[in-house]
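Engineer: This is the structure, below, for whatever I ask next.
The values are calculated or read from the model by the stated rules, or taken from the named source; none is laboratory data. Note that the structure is predicted; figures quoted are calculated from it, not measured. Ideal geometry is used to build each Cβ from the backbone, glycine not excepted, and the neighbour counts take in all protein chains shown.
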Amino acid sequence: MNIIKTVGRSGQISLGKKYAGQTVILDEIDAGVWIVKLGRFIPDNEKWLHNPDVQSELNEAVAWAEETSPRETKLDELEDRIK
């Protein structure tokens, strides 16, 4: 479906209230040709969490935590191990 919009004096186009507050990604695939996609923004300092190797390690850690009951830490033994 084609919708004709006019770019305002400030360079903005309204997509309508149903998209208010949502994040979009704009791809300029050619001069004057844009693709607009709804998406989610990942902050730069969190992108490492989406690395497949990190995801695998996180999945393993979560599985271990779900299967392993917590137990009290003996701080004296822990201190001896790190010395």
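Engineer: Could you grab me the full set of residues in the range 34-56 that are part of a loop (DSSP other than H, G, I, E, B), surrounded by 10 or more Cβ atoms within 10 Å (Cβ to Cβ) and not polar (S, T, N, Q)?
Structural biologist: Passing the criteria: G39, I42.
Engineer: Another question, if that's okay. For the structure I just gave you, tell me whether N59 is without any contact (Cβ under 8 Å) to a residue 60 or more places away in the chain, exposed (fewer than 10 other Cβ atoms within 10 Å of the Cβ) and of a type in the set (S, T, N, Q).
Structural biologist: Taking the combined requirement at face value, the residue does not satisfy it.
Engineer: Also, quick follow-up: Select from the range 24-59 the residues that are under 18 Å from the mean Cα position of the chain (by Cα) and of a type in the set (D, E, K, R) and list them in ascending order.
Structural biologist: Across the range 24-59, the qualifying residues are K37, R40, D44, E46, K47, D53, E57.
Engineer: Identify all residues within the range 5-48 that are of a type in the set (V, I, T) and modelled with pLDDT under 90; write none if there are none.
Structural biologist: Within the range 5-48, I25, I42 qualify.
Engineer: Then there is this: When residues of the range 59-83 are filtered for being in a helix (DSSP H, G or I) and at pLDDT 95 or above, how many remain?
Structural biologist: Here the count works out to 9.
Engineer: Please count how many residues of the range 3-26 are surrounded by 10 or more Cβ atoms within 10 Å (Cβ to Cβ) and either in a strand (DSSP E or B) or of a type in the set (G, A, S) (or both).
Structural biologist: Summing the residues that are surrounded by 10 or more Cβ atoms within 10 Å (Cβ to Cβ) and either in a strand (DSSP E or B) or of a type in the set (G, A, S) (or both) in the range 3-26 gives 3.
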